[in-house]
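The values are calculated or read from the model by the stated rules, or taken from the named source; none is laboratory data. Small disclaimer: the values here were computed from a predicted structure and weren't measured. Virtual Cβ from ideal backbone geometry, glycine too; neighbours counted across all protein chains shown.
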Amino acid sequence: MFKKIILIAMATALTGATFTACGKKTDDVADGSAVAQAGNAPTIDCSAVTEESLIASVKGATATEDESIAIFEALQCCKIDDKLERNSKECEVTRAIEALDKDKKKLVRTTKVADKLVKHPSNIVRAYPLERYATFWGKKAENVDAMAKAYADEKDPYVLKSIAQYAASSANDSQELGNLFKSMLKNDNDIVRNKAVGALGSPHAVKVEGVVDALTPMINDSNIDVAKRACEGIGRLHDDKAVEPIVAALNDEAKSDIHGSCLKGLQWLWLDFPSHESTSEAAYKASLDYLNKTPRSEKVPAWNAVGAFNSISASKINAWKDKATYYKPADLVAAYSAIVKDTATDWRARQAALKGIAVHGTKADVEALRASIEADPKKTVLQSTFDKALTDAAK
């Protein structure tokens with residue numbers, strides 16, 4: 001009964017204008033968010049929705065199911081920006097929900113409520129249960145399966161993005177969810193693909209069937225942010241099958257803009273900082289091949305790729321070395337030293353190489369480059385890095 005009263009009080013025919021940040025009226029949505037807003041044409045009079053009215057709508061010590069649903073459905077009065085993010089701080093509905101939660105009004109978040117919300121015409125309302133999916137559905141495998149099935153036919157970019165954003169950590173628990181993420185890789189929306197790549201390129205998705213094969217073509221995505229995320233993320237799956245597609249990208253100078261991310265992908269495979277648990281001789285050799293590639297230029301090796309192996313965890317590295325018998329510090333020091341000496345290489349890559357020598361080599365290895373630094377045309381930008389490397393390097 002309460003819900004009917006709320007809806008009757010707020011209902012109106014919306015024409016011409018959209019409502020933003022609850023209680024304020026504006027013309028059209030911001031450029032770039034039109035697709036998301038198209039899925040969120042409010043079916044209630046948002047000018048009648050305020051933080052105070054929503055808080056006051058809870059009559060008892062705790063909210064009823066109907067009161068909770070009515071409040072959640074008012075989220076359609078919020079706005080989505082061009083990055084497919086809800087304007088949570090500005091939206092009065094969000095503030096009301098936060099205030100009610102803080103006041104322990106116990107808004108009802110159950111599977112029954114979620115099942116109703118995911119069928120709502122507003123994309124914001126449909127996506128909301130994802131923000132608290134462990135509360136609405138639960139985190140057991142069967143619960144995650146149920147959540148994934150509830151969104152199996154979803155097409156809206158904002159909702160799809162929200163699935164990958166909030167439920168990514170449960171991919172290993174549900175092949176249904178993993179399949180949903182894989183289907184998002186083919187979405188026309190760059191943000192959706194990026195979020196899906198992030199969800200799959202993670203230790204949380206190592207059990208998803210065919211995940212490496214699914215991510216491989218994403219390294220060639222037309223969106224550079226998606227391609228970068230794929231080339232690093234595929235390495236986070238700790239599967240040697242990832243080495244070949246990463247190497248293919250590293251062998252393509254036209255893809256030098258993603259080489260930094262690709263080297264990070266190899267890092268996860270063979271060095272695996274900070275946990276130092278994974279090992280991969282194939283990834284190690286591929287890394288050396290890239291660092292030793294000649295002729296060098298401003299693009300290759302990419303300046304942000306050379307430092308991919310410059311961090312180690314002192315408390316864990318020795319145990320890792322016992323497993324990673326392929327690791328030969330002298331190999332890395334030789335590659336880094338050649339990069340430092342090569343004036344055709346981007347100066348930032350040469351700085352990163354000096355830092356790498358300090359991490360994997362000794363003071364003597366750094367000192368061996370003193371004469372080269374003294375005579376270098378870029379001495380002014382290399383000297384301070386050289387001095388610090390000399391200080392940081394082991395004896």
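So, A164, is that one modelled with pLDDT under 95 and either closer than 21 Å to V211 by Cβ or acidic (D, E) (or both) or not? Quick ask: steps written out before the conclusion?
Numbers: modelled with pLDDT under 95: no; either closer than 21 Å to V211 by Cβ or acidic (D, E) (or both): yes.
Taking the combined requirement at face value, the residue does not satisfy it.
Residues that are of a type in the set (K, R) and either at pLDDT below 95 or closer than 30 Å to G178 by Cβ (or both): which helices (runs of 4 or more DSSP H) entirely in the stretch 40-145 hold 1 or more of them?
Those helices (runs of 4 or more DSSP H) span 92-102, 111-117, 123-131.
Just checking, does the stretch 143-166 include any residue being within 26 Å of D240 (Cα to Cα), in contact with a helix residue (DSSP H, G or I) (Cβ under 8 Å, 6 or more places away or on another chain) and not charged (D, E, K, R)?
Of the residues in the stretch 143-166, the ones within 26 Å of D240 (Cα to Cα) are 164.
Those left that are additionally in contact with a helix residue (DSSP H, G or I) (Cβ under 8 Å, 6 or more places away or on another chain): 164.
Remaining after also requiring not charged (D, E, K, R): 164.
Yes, that holds for at least one residue.
Name every residue in the stretch 124-173 that is basic (K, R) and without any contact (Cβ under 8 Å) to a residue 60 or more places away in the chain, in order of residue number.
Step one: of the stretch 124-173, the residues basic (K, R) are 126, 132, 139-140, 149, 155, 161.
Listed by number, the residues that qualify are R126, R132, K139, K140, K149, K155.
Do the conditions hold for E298, that is, is it acidic (D, E) and within 29 Å of the chain's Cα centre (by Cα)?
Working: acidic (D, E): yes; within 29 Å of the chain's Cα centre (by Cα): yes.
Spelling it out, E298 is indeed acidic (D, E) and within 29 Å of the chain's Cα centre (by Cα).
Considering only helices (runs of 4 or more DSSP H) fully contained in the stretch 333-395, which possess at least 2 residues that are surrounded by 22 or more Cβ atoms within 10 Å (Cβ to Cβ) and not hydrophobic (A, V, I, L, M, F, W, C)?
Details: elements: 347-360, 363-367, 370-374, 379-392.
Fully inside the stretch 333-395 and qualifying: 347-360.
Quickly run through the stretch 289-322 and pick out the residues that are closer than 16 Å to S278 by Cα and of a type in the set (D, E, K, R).
Within the stretch 289-322, K316, K321, D322 meet the criteria.
Out of the residues in the stretch 269-301 meeting the condition of being part of a helix (DSSP H, G or I) and touching a Pro at 6+ places or on another chain (Cβ under 9 Å), tell me which one is farthest from E232 (Cα to Cα).
At the first step, the residues of the stretch 269-301 found to be part of a helix (DSSP H, G or I) are 269-270, 281-291.
Now restrict to residues that are touching a Pro at 6+ places or on another chain (Cβ under 9 Å): 290-291.
Details: Y290: 15, L291: 17 Å.
Taking the candidates together, the pick is L291.
Mind checking which residues of the stretch 361-388 are under 17 Å from D342 (Cβ atoms) and hydroxyl-bearing (S, T, Y)?
S372, T385, listed by residue number.
Looking at the stretch 169-179 only, could you name the residues that are surrounded by fewer than 19 Cβ atoms within 10 Å (Cβ to Cβ) and small (G, A, S)?
The one that is surrounded by fewer than 19 Cβ atoms within 10 Å (Cβ to Cβ) and small (G, A, S): S169.
As an exercise: evaluate A314 against (1) closer than 25 Å to I258 by Cβ; (2) not in a helix (DSSP H, G or I) and give the number of the one condition it does not meet.
Here A314 clears every test but (1).
Hey, can you tell me all the residues within the stretch 348-361 that are farther than 18 Å from K264 by Cα and touching an Asp or Glu at 6+ places or on another chain (Cβ under 9 Å)?
Matches in the stretch 348-361: A358 only.
Looking at this structure, is A286 among the small types (G, A, S) and crowded, with 16+ Cβ neighbours inside 10 Å? Even if it seems obvious, please write down each step before you answer.
On the way: among the small types (G, A, S): yes; crowded, with 16+ Cβ neighbours inside 10 Å: yes.
Judged against the criteria, A286 is a match.
Condition test on G210, is it surrounded by 24 or more Cβ atoms within 10 Å (Cβ to Cβ), free of Cβ contacts under 8 Å to residues at least 40 places away in the same chain and within 30 Å of Y326 (Cα to Cα)?
On the way: surrounded by 24 or more Cβ atoms within 10 Å (Cβ to Cβ): no; free of Cβ contacts under 8 Å to residues at least 40 places away in the same chain: yes; within 30 Å of Y326 (Cα to Cα): yes.
For G210, the condition - surrounded by 24 or more Cβ atoms within 10 Å (Cβ to Cβ), free of Cβ contacts under 8 Å to residues at least 40 places away in the same chain and within 30 Å of Y326 (Cα to Cα) - is not met.
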